[in-house]
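The values are calculated or read from the model by the stated rules, or taken from the named source; none is laboratory data. Predicted model only: the values in this text are computed from it and were never measured. No Cβ is skipped: glycine too gets one built from the backbone with ideal geometry, and neighbour counts run over all protein chains shown. These area figures cover heavy atoms from the full protein model, side chains too; ligands, DNA and RNA do not enter into them. Shrake-Rupley method; radii C 1.70, N 1.55, O 1.52, S 1.80 Å.
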Amino acid sequence: MKLYSIETEYFRLDGGAMFGVVPKTIWNKLNPADENNLCNWAMRCLLIEDGNRLILIDNGVGNKQDAKFFGHYHLNGPHTLESSLKSIGFSTDDITDVILTHLHFDHCGGSVDRINGTLVPAFKNAIYWSNEDHWKWATEPNAREKASFLKENILPIRESGQLQMVPAGKTRHTDSSKSLDEQQSTILPEISFRFANGHTDAMMLPQIRYKDKTIVYMADLLPSVFHIPLPYVMGYDMFPLTTLYEKTGFLKEALDKDFILFFEHDPFNECCTLQQTERGIRQRDIFKLHEL
């Protein structure tokens, strides 16, 4: 098995929304905002190569939206999904599986292309993996989250016949002593899923055994190293207290078992391990995936 960090575009989001109740005087030292209070964030994917399987976790924002949409998010940076795949000798046609942690546009927008006005899967040879609970949540969205679930990113996947579902862990945590539910996948023996329900319903966090280590793709439970401290919960989260409990239980387990955390949105840091400090659990070593 080989793992690759796949950089796509960066985008800008409101700093207050990303850091929740944490004051700007504190978070602005971590990821400084521009004059419009926007901070830059990565949309980093993970590629797993195993024999004839090429498994992509999330796929960024894509490029099919109009100028007005992209004007809100100020895409920037030297990378695209296609250019990052090409740099390691692959293309979208080589992808056999696409794991969608959840269906917010910045995680699944690259799933579908618009070709001559028709919406088609961007990974024509791939199985797309979601779960029924989150799919229902995304296709019947609440008013607060509706703007993040764009039907053009989602519905063509099922219409193509390329969608498959994994069972979801439905526990909504109210006990910080318990970690996230884990479900073994049928994709590869080395891949299992953790399920988190605070950010959105039934978000999947892929967990990978690699070189005798455990790597967890953190998606939006921990968007960045900056979000490791417990009070750092995004304003985007549907159930902030659930996120707080999920973070608490998961971080304890991740510390005890020496997990490696892989960050999707951190603009500076790809991976870290954890340590116990006087202030609580914090990052220990920070490194690139290829350094493992």
Revision key, fill the gap. Subset of segment 15-37, residues in contact (Cβ under 8 Å) with a residue 40 or more places away in the chain and open to solvent by 40 Å² or more (accessible area, probe 1.4 Å), comes to V21, L30
Revision key, fill the gap. Restricting segment 66-91 to residues that are touching a residue at least 60 places away in the same chain (Cβ under 8 Å) and of a type outside the set (S, T, Y), the one farthest from D266 (Cα to Cα) turns out to be I88
Check your understanding: If you check N40 against the conditions, is it open to solvent by 10 Å² or more (accessible area, probe 1.4 Å), under 24 Å from M203 (Cα atoms) and touching a residue at least 12 places away in the same chain (Cβ under 8 Å)?
Key -> yes
Check your understanding: Are any residues in segment 81-127 touching a Cys at 6+ places or on another chain (Cβ under 9 Å), farther than 22 Å from Y236 by Cβ and crowded, with 23+ Cβ neighbours inside 10 Å, and if so, which ones?
Key -> L81, V98
Practice item. Scan the strands (runs of 3 or more DSSP E) fully inside segment 137-226 and keep the ones with 1 or more residues being without any contact (Cβ under 8 Å) to a residue 40 or more places away in the chain, open to solvent by 30 Å² or more (accessible area, probe 1.4 Å) and not β-branched (V, I, T). Key: 163-165, 181-184, 203-210
Review point. Would it be correct to say that T273 is hydroxyl-bearing (S, T, Y) and touching a Phe, Trp or Tyr at 6+ places or on another chain (Cβ under 9 Å)?
Key: yes
Review point. Are there any pairs, at least 6 apart or on different chains, whose C-beta atoms fall under 7 Å, with the first in segment 109-136 and more than 22 Å from R194 (Cα to Cα) and outside any loop (DSSP other than H, G, I, E, B) and the second open to solvent by 10 Å² or more (accessible area, probe 1.4 Å) and of a type in the set (D, E), and if so, which?
Key: V112/E152; L119/E152; V120/D113
Review point. For segment 240-286, how many residues meet the condition of being within 20 Å of F195 (Cβ to Cβ) and either open to solvent by less than 40 Å² (accessible area, probe 1.4 Å) or touching a His at 6+ places or on another chain (Cβ under 8 Å) (or both)?
Key: 18
